[in-house]
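Enquirer: Just passing along the structure, written as structure tokens.
The values are calculated or read from the model by the stated rules, or taken from the named source; none is laboratory data. This is a predicted model, so every value here is computed, not measured. Backbone-built Cβ (ideal geometry, glycine too); neighbour counts: all protein chains shown.
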Amino acid sequence: MSRFTYLFKRVALSIPVIIFGTTVTFAIIRLGPLSPAAAILGPQGDARAIRQIEKRLGLNDPLWEQYFDFMSNLFLFDLGQSWVINSGTPAIDLIISYAPRTIWLGFWAVLIALGIGIPLGFYAGLNPNTFSDYFASFGGIVWRAMPNFWLAVILVTVLSQSEQLFGFSWTSFIVETNVVTSPNLAVLKNPTRLLTDPGQAWTNLAKATKQILPPALVLGSASMGTEMRIGRTAVLETINSKYVETAKAKGVSPRVLVWKHIFRNALIPLVPVITAEAFILIGGSVLVETVFSINGIGLLFFRAAEQGDLPLVGTLMYLFILLIVGLNIVQDFAYTIIDPRVGYDG
Amino acid sequence: MSHTDDGEPLLAVDNLRTVFHSEREEIRAVDGVSFDIERGETLGIVGESGSGKSVTARSIMGLVDSPGEIREESSIRLDGRELTTLSEKQYRSVRGGDIAMVFQDPLSSLNPVYTVGNQIIEALELHRGMEGTEAKSEAIELLRAVGIPDAARRVDEFPHEFSGGMRQRAVIAMALACDPDLLICDEPTTALDVTIQAQILDLLQEIQTERDIGIMFITHDMGVIAEVADRVAVMYAGEVVEKAPVEELFANPHHPYTQGLLQSIPGRNPSTDRLPTIEGDVPTPHESASYCRFVSRCPKGFDECERVHPAHVEVGESADHTAACLLYPEDMPTDDTVTHHEENADQTGAEASEALSADDWPAERRKAGEDTGPTGSEDSDARADGGHSHSAGDTGGQLEGGDTDE
Ligand code: SF4
């Protein structure tokens with residue numbers, strides 16, 4: 001099977017998944033106890049006003065008709081307008097304005113997890129049963145065991161009082177920032193300013209990075225622990241494999257042995273862990289953004305779901321599902337690149 | 001069999017001791033092994049799993065890692081050059097350069113994520129300084145030499161695209177890439193079916209005649225030994241118990257263990273309908289030998305076997321046929337053989353065999369020996385109710401840390 005037909009097949013197969021996911025979203029919002037009309041009006045809305053709004057939003061139409069509209073609009077990317085959160089604004093505009101902060105958070109969370117978890121795991125695997133291995137492995141387990149929400153709250157508390165606690169002030173460290181706030185990403189939207197107005201722009205970038213690091217650490221923590229553990233096991237297994245012994249018998253130097261013969265093979269079991277990380281990020285961002293008050297997609301999704309803003313929730317879910325399905329396809333392609341045994345026939 | 005200029009054999013292993021340290025004790029995986037290999041000659045090393053044959057191979061390759069250790073008194077000389085004292089860096093040029101190794105399992109001895117060509121070229125770059133297209137065309141040449149059809153195309157294929165036999169050929173090509181003087185084959189055909197096995201054995205023989213290399217061939221299969229080896233060393237529990245030219249060994253085995261091994265080959269005993277087997281497992285020795293390691297399984301053992309460690313003595317017709325068993329020298333009464341072995345207990349391997357030839361013994365004692373008649377049968381009863389030696393009876397079986405047989 002060629003690469004192209006394989007891709008086509010994968011995309012075709014993912015359509016039922018997308019339909020199923022969006023249907024479930026619709027069912028939960030529309031059949032659940034949420035009333036968008038009540039949410040729009042707030043507590044003082046009377047019954048007549050509610051009925052009026054329900055009529056305007058088409059909430060009294062037959063359910064199958066609403067469902068059909070909802071689904072066909074999604075698939076045509078006619079994503080509708082927000083009902084509650086920011087009534088009348090196109091859902092997609094809202095998402096675009098919230099997205100950068102979440103992407104910035106996700107980027108650092110992935111970077112921290114990959115950049116610390118995998119090297120640490122590989123290091124532990126190369127030096128098994130030494131003190132540093134035990135230290136790293138134990139640390140990884142503890143780190144993995146700390147729940148997101150708990151870690152987030154603790155980190156916020158500690159960082160905002162670091163002056164009193166350790167005599168070291170996180171808020172004034174390098175650049176002046178708040179612990180709990182949305183990072184200002186204006187500089188990223190206009191990166192040429194890094195050249196035209198270096199003084200101001202670099203400070204802003206430093207601020208945005210510094211602000212995102214604690215929440216990114218929290219968000220990446222679970223994946224970091226998992227990657228460490230799997231990386232360690234993968235390296236250990238690879239080291240004891242016959243082909244590594246054969247390479248040794250060929251007189252390959254330890255450096256080449258590690259970088260060429262061990263690492264690439266050890267990466268194979270890490271591929272699904274890395275893609276799974278993306279899924280964890282989507283879920284975790286809701287929580288972390290709430291604790292750190294970051295105006296991102298996670299926070300938006302949480303509020304929209306709470307208030308029955310069907311077009312917004314539907315759109316977000318639809319995009320999440322597309323993202324996950326897309327990542328799965330990317331993951332399978334990553335396999336075929338790293339591991340030549342994986343073909344396109346599966 | 002041709003000697004190198006200085007009269008040294010190609011490989012001279014002398015009193016090799018490789019031990020593995022575990023928390024509680026040390027495991028003597030290889031315990032005083034000595035043998036030589038000449039150019040153009042194949043030495044077969046045969047034994048059950050746990051007998052120390054794979055550890056012997058790894059010791060020669062310098063691939064014994066912690067917690068394993070080659071004891072100081074050991075000597076491994078290649079073309080007269082001592083290998084045991086080399087630094088790790090110096091050893092790397094020997095490994096793959098002067099000595100190459102073919103492992104048991106062709107399915108897993110190639111790295112799955114690189115092409116076969118890539119892995120052959122790696123060896124060429126390391127040991128022959130070749131690069132780029134030159135290395136690639138040499139790799140194709142090597143694949144062709146080991147009988148891989150359409151080598152120019154297959155050089156770019158991955159190991160999983162090769163069949164088992166083809167893979168083992170590719171591994172052999174990789175081993176030959178650096179023009180080794182000595183090729184160590186660790187059960188290279190065990191994982192292959194019989195026809196492929198025969199092809200690979202033929203290929204090895206062809207390569208040997210063509211390149212005049214020495215081959216050390218490790219196997220547990222007596223049938224394979226009969227086919228490939230010029231001389232054979234039989235290993236048991238970390239020691240060589242019998243050494244002989246191959247025809248001599250098959251025609252005239254002396255050590256009870258060798259006799260047992262040969263009896264367990266199908267077809268050699270048409271009179272019995274059940275294949276005789278040697279009961280029990282290979283013991284795992286922890287302490288220096290003060291008894292015969294085979295005593296717990298030996299059908300001919302007697303009391304003395306539990307307290308005297310046999311040394312190698314010349315047996316049979318050929319001068320380089322020796323066995324380490326208290327029953328020999330044959331023309332001596334048992335009491336005398338025991339004293340001989342006792343006196344030579346501290347010696348092992350080659351020197352011991354030289355020291356203990358029957359000819360050195362005073363004529364009258366030898367005569368006395370003739371009166372007593374051949375040894376063995378009557379003593380075996382005494383052995384039957386004798387207690388097992390404490391450690392040999394403990395059938396630890398496979399070595400945990402080091403031996404990777406099967
Ligand atoms: S020394 Fe004794 S136990 Fe050992 S092989 Fe000879 S007869 Fe058997």
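Enquirer: Can you tell which of A:315, A:336 is modelled with pLDDT of 85 or more and over 15 Å from the mean Cα position of the chain (by Cα)?
Expert: Result of the check over A:315, A:336: A:315.
Enquirer: Among the residues of the stretch B:309-326, which ones are within 16 Å of the ligand (Cβ to nearest atom) and part of a loop (DSSP other than H, G, I, E, B)?
Expert: Those that are within 16 Å of the ligand (Cβ to nearest atom) and part of a loop (DSSP other than H, G, I, E, B): B:309, B:310, B:311, B:315, B:316, B:321, B:325, B:326.
Enquirer: Just a yes or no: is a residue in the stretch B:178-189 surrounded by fewer than 19 Cβ atoms within 10 Å (Cβ to Cβ) and within 14 Å of chain A (Cβ to nearest Cβ)?
Expert: yes
Enquirer: Answer yes or no: is there a residue in the stretch B:179-196 that is within 23 Å of residue B:233 (Cβ to Cβ), within 17 Å of the chain's Cα centre (by Cα) and assigned to a helix (DSSP H, G or I).
Expert: No: zero hits.
Enquirer: Step by step: first the residues of the stretch A:253-266, then only those that are surrounded by 20 or more Cβ atoms within 10 Å (Cβ to Cβ) and more than 7 Å from chain B (Cβ to nearest Cβ), then the one that is nearest to residue A:110 (Cα to Cα). Which residue is that?
Expert: So the residue we want is A:266.
Enquirer: Within the stretch A:171-178, is even one residue closer than 27 Å to residue A:114 by Cβ and surrounded by 16 or more Cβ atoms within 10 Å (Cβ to Cβ)?
Expert: Yes, that holds for at least one residue.
Enquirer: If you don't mind, another one. Among the residues of the stretch B:81-131, write down those that are surrounded by fewer than 17 Cβ atoms within 10 Å (Cβ to Cβ) and at the interface with another protein chain (Cβ under 7 Å from one of its Cβ atoms).
Expert: B:93, the sole residue that qualifies.
Enquirer: Of these, A:56, A:10, A:3, which one is more than 27 Å from the chain's Cα centre (by Cα), of a type in the set (D, E, K, R), closer than 30 Å to residue A:277 by Cβ and surrounded by fewer than 17 Cβ atoms within 10 Å (Cβ to Cβ)?
Expert: A:3
Enquirer: Can residue B:125 be described as more than 26 Å from residue A:264 (Cα to Cα) and in a helix (DSSP H, G or I)?
Expert: No; evaluated as a whole, the condition is false for this residue.
Enquirer: Before we move on, is residue B:293 assigned to a loop (DSSP other than H, G, I, E, B), within 11 Å of the ligand (Cβ to nearest atom), charged (D, E, K, R) and closer than 22 Å to residue B:343 by Cα?
Expert: The answer is yes for residue B:293.
Enquirer: Let me ask something else. Looking for something within 23 Å of residue A:296 (Cα to Cα) and assigned to a helix (DSSP H, G or I) - is there at least one such residue anywhere in the stretch A:123-143?
Expert: no
Enquirer: Sticking with this one: For the stretch B:187-237, how many residues are in contact with a strand residue (DSSP E or B) (Cβ under 9 Å, 6 or more places away or on another chain), under 17 Å from residue B:103 (Cα atoms) and among the acidic types (Asp, Glu)?
Expert: 2
Enquirer: Going by what's in this entry, would residue B:152 be described as away from chain A (no Cβ under 14 Å), farther than 25 Å from residue B:50 by Cβ, at pLDDT 90 or above and not in a strand (DSSP E or B)?
Expert: So residue B:152 passes the test.
Enquirer: Pick out the one residue from A:158, A:153, A:84 that is more than 18 Å from residue A:222 (Cβ to Cβ) and assigned to a helix (DSSP H, G or I).
Expert: A:158
Enquirer: Looking at the structure I just gave you, is residue B:246 crowded, with 24+ Cβ neighbours inside 10 Å, under 21 Å from the mean Cα position of the chain (by Cα) and either modelled with pLDDT of 85 or more or more than 9 Å from the ligand (Cβ to nearest atom) (or both)?
Expert: no
Enquirer: Working carefully through the options A:157, A:209, A:203, A:192, find the one that is in contact with a helix residue (DSSP H, G or I) (Cβ under 8 Å, 6 or more places away or on another chain), more than 14 Å from every other protein chain (Cβ to nearest Cβ) and not charged (D, E, K, R).
Expert: A:209
Enquirer: Name every residue in the stretch A:222-248 that is without any contact (Cβ under 8 Å) to a residue 60 or more places away in the chain and of a type in the set (Asp, Glu), in order of residue number.
Expert: Residues satisfying the conditions are A:237, A:245.
Enquirer: Answer with yes or no whether residue B:164 is within 14 Å of another protein chain (Cβ to nearest Cβ) and over 18 Å from residue A:247 (Cα atoms).
Expert: Yes.
Enquirer: With respect to the numbered conditions (1) within 14 Å of the chain's Cα centre (by Cα); (2) without any contact (Cβ under 8 Å) to a residue 12 or more places away in the chain, which one is the sole condition not fulfilled by residue B:24?
Expert: Residue B:24 satisfies every listed condition except (1).
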